[in-house]
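Participant: My structure is below; once you've seen it, I'll send some questions.
The values are calculated or read from the model by the stated rules, or taken from the named source; none is laboratory data. Here the structure is a predicted model, which means the values were calculated and not measured. Please note: Cβ atoms are built from the backbone with ideal geometry, for glycine as well, and neighbour counts cover all protein chains shown. Heavy atoms of the whole protein, side chains included, go into the accessibility calculation; ligands, DNA and RNA do not. Shrake-Rupley method; radii C 1.70, N 1.55, O 1.52, S 1.80 Å.
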Amino acid sequence: MTNTDWIVSVSILAFMLLTVLGTREINRMVFVRLFLTVGGSAFYFLSDLPTAGHDVPLELGGVALGVIFGVMASGASRVFRQGNKVMVQSGWLYAAVWVAALGLRVVFAELATYNPTVLAWVVNFSIQNQITGPEAWRAAFVLMALVMVVTRIALVAVRSQLAQPSAQPQLA
């Protein structure tokens, strides 16, 4: 990961945690902010999506992991009605899911860059499976993160339509 990748990744993590943790009203701005974040990140990281060889199946694997992490992040968020407002509450469990998802990407990238054994495995795996190079791996992990955000917010939107009144929300 380049220094710019580190800065962007940590900034996105901080933004996601600072704007989602706690109890917040679900309104149009929540959706606009998250989709702008996803769109900007997609533009920055995926402007040249690799599609040669078997890059697309690798990237689809990233999408699948994103759906899994998104479902977990949604499950770690509580959606309820408070008067006329629909609220979402996210706590330490939500943060742990995000840190785990980002941690997976960071650990893999750092090991593949600096650990000769892991690097050799990634190179051999890439050759055997016709993965064209580091950009395909990067795209798969970026897609994982972006799909995680979209899946979580889509599930929160669905759950907000089904939300029941609650007097005393508890943070997970």
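Participant: On the accessible surface of region 7-47, probed at 1.4 Å, how many percent belong to carbon and sulfur atoms?
Facilitator: 72
Participant: Using alpha carbon centroids, what distance separates region 123-152 and region 2-54, in Å?
Facilitator: The distance from the Cα centre of region 123-152 to that of region 2-54 comes to 16 Å.
Participant: Mind ordering 35-42, 53-60 by average Cβ neighbours within 10 Å, highest first?
Facilitator: Top of the packing list down: 53-60, 35-42.
Participant: Can I ask one more? Starting from the Kirkwood radius over alpha-carbon pairs of the chain, derive D by Stokes-Einstein at 25 °C in a medium of 0.890 mPa s and give it in µm² s⁻¹.
Facilitator: Rounded, D is 143 µm²/s.
Participant: Between F15 and Q164, what FRET efficiency follows from the Cβ-Cβ distance if R0 is 25 Å, with the result rounded to 0.05?
Facilitator: 0.25
Participant: In square angstrom, what is the accessible area per residue of region 18-172 with a 1.4 angstrom probe?
Facilitator: I get 55 Å² per residue for this part.
Participant: Let me ask something else about it. Go ahead and estimate [θ] at 222 nm for the chain from helices alone: -39,500 (n - 2.57) per DSSP H run with n ≥ 4, summed, over the residue count, rounded to 500.
Facilitator: The helix-only estimate for the chain comes to -24500 deg cm²/dmol at 222 nm.
Participant: For region 80-146, what value does the Rg/Rh ratio take when both radii are computed over Cα atoms and Rh is the Kirkwood radius, given to two decimals?
Facilitator: Taking Rh as the inverse mean 1/r over Cα pairs, Rg/Rh reads 1.25.
Participant: Under a 10 Å cutoff between Cα atoms, tell me which one of F31, F141, F69 has the largest fluctuation in the Gaussian network model of the chain.
Facilitator: Greatest mean-square fluctuation among the candidates belongs to F31.
Participant: Averaging sequence separations of C-alpha pairs under 8 Å and six or more residues apart, then dividing by the length of the chain, give the relative contact order as a whole percent.
Facilitator: 39
Participant: Compare A95, A76, A120 in a GNM of the chain, Cα atoms joined below 10 Å, and give the one with the largest fluctuation.
Facilitator: Ranking A95, A76, A120 by mean-square fluctuation puts A120 first.
Participant: With θ set to phi - 60°, apply the Karplus curve 6.51 cos²θ - 1.76 cosθ + 1.60 along region 144-159 and write out the HN-Hα couplings as whole Hz, x wherever there is a Gly or Pro.
Facilitator: Computed from phi, the couplings for region 144-159 are 4, 5, 5, 5, 4, 5, 5, 5, 4, 5, 5, 5, 5, 4, 5, 5 Hz.
Participant: Take the chain, connect every pair of alpha-carbon atoms lying under 10 Å apart with a spring to form a Gaussian network, then pick out the residue of S47, S74, S126 with the largest mean-square fluctuation.
Facilitator: Answer for the Gaussian network model of the chain: S47.
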